[in-house]
1. Test of understanding: express the Cα radius of gyration of region 149-256 as a ratio to 2.2 N^0.38 Å, with N the residue count.
2. In what order do 60, 79 fall by count of nearby beta-carbon atoms within 10 Å, going from fewest to most?
3. Between residue 189 and residue 112, what is 0.36 nm times their sequence separation minus the Cα-Cα distance? Round to one decimal in nm.
4. Taking neighbour Cβ counts within 10 Å as the exposure measure, how do 304, 275 sort from fewest upward?
5. Let me test this: with uniform point scatterers at the alpha carbons of region 46-98, what is the Debye-based log₁₀ I(q)/I(0) at q = 0.28, 0.31 1/Å?
6. Using just the C-alpha positions of the chain as equal point scatterers, what log10 of I(q)/I(0) does the Debye formula give at each q in 0.08, 0.13, 0.14 1/Å?
7. Just to verify a number: FRET efficiency for residue 259 and residue 201, C-beta to C-beta distance, R0 = 45 Å, to 0.05?
8. Do me a favour and compute the ellipsoid semi-axes for region 177-222 from its Cα gyration tensor, root of five times each eigenvalue, largest one first, whole Å.
């Protein structure tokens with residue numbers, strides 16, 4: 001009987017050790033974007049490519065829509081500590097902990113695809129340097145389309161900055177808060193996942209959002225009027241891994257991730273169809289109850305761009321450290 005018990009104990013230990021080894025080979029990929037976003041489909045393809053390359057050696061599993069309960073604003077805190085093995089990062093969400101990151105590309109200051117393409121290499125270099133200082137290795141990038149940002153309103157159309165001054169506006173970044181404040185508009189940051197309820201309950205009257213992605217958050221259900229305000233170029237999303245974890249990762253896994261990441265960048269770093277996609281999105285939203293008004297007048301659009309450009313410099317100076325130098329590097333890449 002004692003011999004049998006000993007055998008059971010030994011076998012249990014072996015199974016436990018084996019299970020521990022299997023778990024150690026699993027990588028959780030935190031993706032804060034909703035499952036309905038086109039970028040998520042691209043990230044799912046990235047995960048599939050990595051797993052196909054590794055076979056049974058390892059498994060990368062994606063968790064989308066914030067399902068792991070990890071706030072995107074806390075990524076520089078939870079990722080280096082190993083809360084997950086991999087995470088999607090967006091610099092504009094990280095300004096609380098890394099002010100220099102949020103002022104690398106201020107949305108609204110780059111107004112054309114041609115300029116954007118000039119800036120991207122410099123932006124990627126800066127991100128790699130800055131994230132590395134936070135103990136995060138940038139192992140991949142996802143390009144964001146050149147978007148058209150519109151003002152979506154719940155009850156009535158708003159087509160001028162003067163009209164917007166009497167409304168409560170939802171935005172998603174501090175530079176937008178400061179820009180609209182300068183223009184006399186009350187703006188507040190409300191996370192994407194809370195925007196629907198905020199509009200429905202009247203916490204805000206209007207929301208700043210790209211038409212291309214409006215359907216992914218059912219914005220058409222709570223905002224019946226929209227007008228275009230400004231074009232928006234954004235720095236790419238970054239796929240990050242804790243630097244110490246990445247240093248300890250075997251070469252086969254690194255190679256699989258790098259290869260899939262290169263393919264992911266090649267697929268997403270395309271902007272030729274952005275305008276057509278924008279028009280198609282507006283047309284579809286129109287069939288779902290959104291009335292598209294005239295664009296904000298050119299005078300207002302120029303005023304917005306001028307204001308956000310001034311805010312860019314102010315935020316970079318306020319952040320200090322590397323932020324002013326990062327801004328100058330981007331401006332140099334733009335030829336300004």
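Every number in this text was worked out from the coordinates using simple rules, so none of it is lab data. These numbers come from a predicted model, not from an experiment. Because the Cβ atoms are built from the backbone with ideal geometry, glycine has one as well, and the counts that use them run over all protein chains shown.
1. 1.41
2. By the 10 Å Cβ count, ascending: 60, 79.
3. That works out to 25.2 nm of additional length.
4. Fewest-to-most ranking of 304, 275: 275, 304.
5. Result of the Debye calculation: -1.11, -1.22.
6. -0.42, -1.01, -1.15
7. Once rounded, the FRET efficiency stands at 0.45.
8. Equivalent-ellipsoid dimensions as semi-axes: 20, 12, 9 Å.
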